[in-house]
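Peer 1: One structure follows; several queries about it will come next.
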Ligand SMILES: NC(=O)c1ccc[n+]([C@@H]2O[C@H](COP(=O)([O-])OP(=O)(O)OC[C@H]3O[C@@H](n4cnc5c(N)ncnc54)[C@H](O)[C@@H]3O)[C@@H](O)[C@H]2O)c1
Ligand SMILES: [Zn+2]
């Protein structure tokens with residue numbers, strides 16, 4: 001992984017055992033898309049752009065113009081990007097459309113949108129004619145720091161999220177931070193919890209930066225947002241480079257997610273955005289770590305304070321602790337009969353703990369809704 005500083009954008013290389021690709025991040029990068037894509041794929045005369053009507057209506061013309069400037073024609077393929085549409089049926093429908101429009105083994109796809117668009121496009125690219133190239137053009141905070149890099153693609157099954165998928169890395173990631181300007185406030189804020197996650201699990205300097213600059217980040221001031229997002233991205237790139245297939249430290253990225261997925265599901269995926277559930281999940285994991293004597297009072301308080309500073313978390317859905325505990329076992333990341341928790345040890349360092357006593361988890365679940373106010 002190498003970083004090359006430029007005045008208006010940063011380039012970061014993701015290097016894994018099976019792939020090596022650039023992540024470009026900066027303001028206004030959509031306008032350079034064509035030129036940059038051409039360098040990677042000189043033969044690309046057209047790109048099939050997978051996107052949703054909502055995202056396309058805001059950024060489609062800027063992206064098309066950027067592609068045109070590099071001599072590439074954009075061919076949009078729009079679909080509903082609600083989480084419920086992240087199903088195999090959508091992949092099949094899109095594949096049929098690609099075929100109708102003459103896409104072959106050498107065609108190039110681009111995913112313009114959030115994590116849903118990115119996961120669907122990645123899986124489509126992984127399977128269409130046994131695998132074609134695609135480029136991620138993420139337009140949400142979650143997608144820019146998390147889902148667009150790392151090569152995990154897939155769709156949901158009725159009984160669980162992301163249970164059908166493939167590893168398929170993009171050819172490149174082009175993250176134009178200007179696109180975040182049209183994100184609804186709640187969507188923007190939900191993404192910040194994943195940024196905080198990266199700080200807690202692997203970057204004390206990012207943690208300090210967020211402690212100082214959260215008001216500017218929340219006000220979406222470009223320098224503050226760019227600085228935070230690039231550092232978070234670097235954490236993810238570093239981890240994916242070290243552990244592409246999640247046999248070891250890639251599990252760290254699940255910090256806040258064992259609790260978080262349960263909260264998300266208990267709220268029927270409506271009460272909390274994924275990032276918000278992770279915000280609550282990180283608070284729960286920090287309290288659990290405190291209970292188990294794995295972290296000191298001070299760093300634990302700082303973590304909770306930073307999460308709270310990202311804005312008011314919507315209240316947790318009402319739940320019965322026992323039910324929530326059971327729900328955690330429904331997560332595909334469980335292993336055997338024990339739950340695996342990623343617990344903070346100090347700022348910038350987490351650890352995977354396998355055999356956490358049930359009673360300690362239940363205690364945190366009981367205390368959480370009333371014990372912590374993030375308002
Ligand atoms: N593959 C991975 O490693 C990975 C990692 C994290 C999350 N994910 C997946 O990502 C998905 C969540 O992604 P998300 O948080 O980006 O949400 P999302 O894709 O659901 O997008 C949220 C909403 O914002 C809209 N939107 C997107 N960009 C916009 C913009 N610039 N302006 C205005 N509106 C915009 C979308 O149309 C959508 O309504 C989940 O399905 C999750 O499973 C995958
Ligand atoms: Zn997440």
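Peer 1: Quick one: which helices (runs of 4 or more DSSP H) sit completely within the range 228-323 and have at least 3 residues that are within 16 Å of ligand 1 (Cβ to nearest atom) and at pLDDT below 95?
Peer 2: On the way: elements: 257-266, 274-291, 297-309.
Filter on the range 228-323 gives 257-266.
Peer 1: Given the condition farther than 22 Å from residue 258 by Cα and more than 15 Å from ligand 2 (Cβ to nearest atom), answer yes or no: does some residue in the range 192-205 qualify?
Peer 2: Yes, the conditions are met somewhere in the range 192-205.
Peer 1: Which residue, of 209, 192, 229, 201, is touching a helix residue (DSSP H, G or I) at 6+ places or on another chain (Cβ under 8 Å) and without any contact (Cβ under 8 Å) to a residue 40 or more places away in the chain?
Peer 2: 209
Peer 1: Look at the range 160-171 and say how many of its residues are away from ligand 2 (no atom under 16 Å from the Cβ) and touching a residue at least 60 places away in the same chain (Cβ under 8 Å). Before you say what the answer is, go through the steps one by one.
Peer 2: Taking the range 160-171 and keeping what is away from ligand 2 (no atom under 16 Å from the Cβ), we get 164, 166-171.
Still in the running and touching a residue at least 60 places away in the same chain (Cβ under 8 Å): 164, 167, 169-171.
Counting residues in the range 160-171 that are away from ligand 2 (no atom under 16 Å from the Cβ) and touching a residue at least 60 places away in the same chain (Cβ under 8 Å) gives 5.
Peer 1: From the list 30, 50, exactly one residue is part of a strand (DSSP E or B) and under 21 Å from residue 145 (Cβ atoms). Which is it?
Peer 2: Details: 30 fails: part of a strand (DSSP E or B).
Step by step, each of 30, 50 is checked, and only 50 is part of a strand (DSSP E or B) and under 21 Å from residue 145 (Cβ atoms).
Peer 1: Inspect all residues belonging to the range 172-181 and state whether any of them is within 16 Å of ligand 2 (Cβ to nearest atom) and within 18 Å of the chain's Cα centre (by Cα). It would help to see each step written out before you state the result.
Peer 2: Residues of the range 172-181 that are within 16 Å of ligand 2 (Cβ to nearest atom), as a first pass: none.
Looking for residues that are within 16 Å of ligand 2 (Cβ to nearest atom) and within 18 Å of the chain's Cα centre (by Cα), one finds none in the range 172-181, hence no.
Peer 1: How many residues, within the range 293-305, are out of contact with any helix residue (DSSP H, G or I) (no Cβ under 6 Å at 6 or more places or on another chain) and on the phi < 0 side of the Ramachandran plot? Walk me through it before giving the result.
Peer 2: So the first thing to find is which residues in the range 293-305 are out of contact with any helix residue (DSSP H, G or I) (no Cβ under 6 Å at 6 or more places or on another chain), and the list is 293-294, 296-299, 301-302, 305.
After this cut, where a residue has to be on the phi < 0 side of the Ramachandran plot as well, the list is 294, 296-299, 301-302, 305.
Qualifying residue count, the range 293-305: 8.
Peer 1: Given the criteria within 11 Å of ligand 1 (Cβ to nearest atom) and either touching a residue at least 24 places away in the same chain (Cβ under 8 Å) or crowded, with 21+ Cβ neighbours inside 10 Å (or both), does residue 118 qualify? Even if it seems obvious, please write down each step before you answer.
Peer 2: Numbers: within 11 Å of ligand 1 (Cβ to nearest atom): yes; either touching a residue at least 24 places away in the same chain (Cβ under 8 Å) or crowded, with 21+ Cβ neighbours inside 10 Å (or both): yes.
Against the criterion (within 11 Å of ligand 1 (Cβ to nearest atom) and either touching a residue at least 24 places away in the same chain (Cβ under 8 Å) or crowded, with 21+ Cβ neighbours inside 10 Å (or both)), residue 118 qualifies.
Peer 1: Sticking with this structure for a sec: At least 2 residues that are near ligand 1 (Cβ under 8 Å from one of its atoms) in each: list the strands (runs of 3 or more DSSP E) lying fully within the range 134-193 that qualify. Lay out the reasoning, then the answer.
Peer 2: Numbers: elements: 152-157, 160-167, 172-176.
By residue number, 152-157, 160-167.
Peer 1: I'd like the full set of residues that are under 10 Å from residue 170 (Cβ atoms) and either within 15 Å of ligand 2 (Cβ to nearest atom) or part of a helix (DSSP H, G or I) (or both), limited to the range 100-133. Can you show your working first?
Peer 2: First pass over the range 100-133, keeping only residues under 10 Å from residue 170 (Cβ atoms): 109-111, 118, 121-122, 125, 133.
Hits for the range 100-133 are 118, 121, 122, 125.
Peer 1: Yes or no: residue 37 modelled with pLDDT of 95 or more, under 22 Å from residue 141 (Cβ atoms) and assigned to a helix (DSSP H, G or I)?
Peer 2: no
The values are calculated or read from the model by the stated rules, or taken from the named source; none is laboratory data. Model, not experiment: these values are computed from the prediction. Neighbour counts are summed over all protein chains in view; Cβ atoms, including those assigned to glycine, are modelled from backbone coordinates with ideal geometry.
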